[in-house]
Amino acid sequence: MFRRQILRQSRAVSETLTASPQLRRSPFSSATFASPRPCIPASYSFRTGQRWQSTEANKPADEKAAPESEQTKAPEAKEDPTKQELEKAKKEIIDLKDKYLRSVADYRNLQERTKRETEAAKQFALQRFATDLLDSIDNLDRALTAVPKEVLSETATSDASSSDANAAAASESTSEASKHLTDLHAGLMMTEGILMSTLKKHGIERFDPLEGEGRRFDPNTDEATFFAKVDGKQDGEVFFTQSKGYKLNGRVLRAAKVGVVKNS
């Protein structure tokens, strides 16, 4: 009886072992026993298994790259729009100030240029009229130089001697032609003096290269019409004035036509 019970128990144990996947052998007998399954929740076992693992490995690649892109984009996103508008306004102010200063400088230059042009127009308004008048002045000058100086000197000496001698004798010695000539010369001299003083008021002045001790030829104010050999003078000196020159407010209105020495 005892043996039958043992056999039954052994058969039941063997059936249970064949049915369960996990087996355990007893060191004290040849019979095998099934180890009981631990009753631990699945969530607890999953957490304990991942406790000693790195969480970075389980994260996807997008989640890893996200912090870097967020860090690079952070300063751009943090810029204040009011600050951007302020910088833009400052740039506009600088541009407008530059344009304003340029326009002021252009306006001042225009004022100065207009002032110079008006002054030049006032100074040289008589240039055309004076140029046309110079021919008449030249003819008057030629008429004055046409009278010989000897005739004028003789008339002067006769007037001086008439004070010592009788008036009848003086009137007989002097001819009426020479007297009229001297009177005409004196009138022309007075006319020329008044005319030149009037022209000088308007800035027109006459110059003669032979006035004083003479001078050398100046191409800025003189025009050489011919060259000739003259003893006692050096090359380039003016020895004859064909027509005098004129200036209008310091500018040469007409150059003097002269003869220049050329001995070589």
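The values are calculated or read from the model by the stated rules, or taken from the named source; none is laboratory data. Here the structure is a predicted model, which means the values were calculated and not measured. Reconstructed Cβ throughout: ideal geometry from the backbone, glycine too, with neighbour counts over all protein chains shown. When the accessible area is computed, the model is the full protein with side chains, heavy atoms only, and any ligands, DNA or RNA have been set aside. Shrake-Rupley method; radii C 1.70, N 1.55, O 1.52, S 1.80 Å.
How much area per residue is accessible in the stretch 205-263 when the probe is 1.4 Å and only protein heavy atoms are counted (Å²)?
For the stretch 205-263, the per-residue accessible area is 60 Å².
Treating only the Cβ of Lys, Arg, Asp and Glu as charged (+1, +1, -1, -1), what charge dipole size does the stretch 205-263 show about its Cα centre? Round to the nearest 20 debye.
I would put it at about 200 debye.
Please report the carbon-and-sulfur percent of the accessible area for the stretch 205-263; probe 1.4 Å, protein heavy atoms only, DNA, RNA and ligands left out.
Percent of accessible area from carbon and sulfur atoms in the stretch 205-263: 44.
Rounded to a whole number, what is D in µm²/s for the stretch 205-263 from Stokes-Einstein with the Kirkwood radius over alpha-carbon pairs (37 °C, 0.692 mPa s)?
Answer, rounded: 287 µm²/s.
Which loop-located chymotrypsin sites (Phe, Trp or Tyr not before Pro) does the stretch 82-150 contain, where loop means any DSSP state but H, G, I, E or B and the Cβ has at most 15 other Cβ atoms within 10 Å?
Here the chymotrypsin sites (Phe, Trp or Tyr not before Pro) that fit, given the DSSP loop and packing criteria, are PHE124.
Can you pull out the GluC sites (Glu not before Pro) in the stretch 179-244 whose DSSP state is coil and whose Cβ has at most 12 other Cβ atoms within 10 Å?
In loop regions of the stretch 179-244 (DSSP not H, G, I, E or B), the sparsely surrounded GluC sites (Glu not before Pro) are GLU211, GLU213.
Computed FRET efficiency, Cβ-Cβ of ARG216 and VAL104, R0 30 Å: what is it to the nearest 0.05?
Efficiency, from the Cβ-Cβ distance: 0.05.
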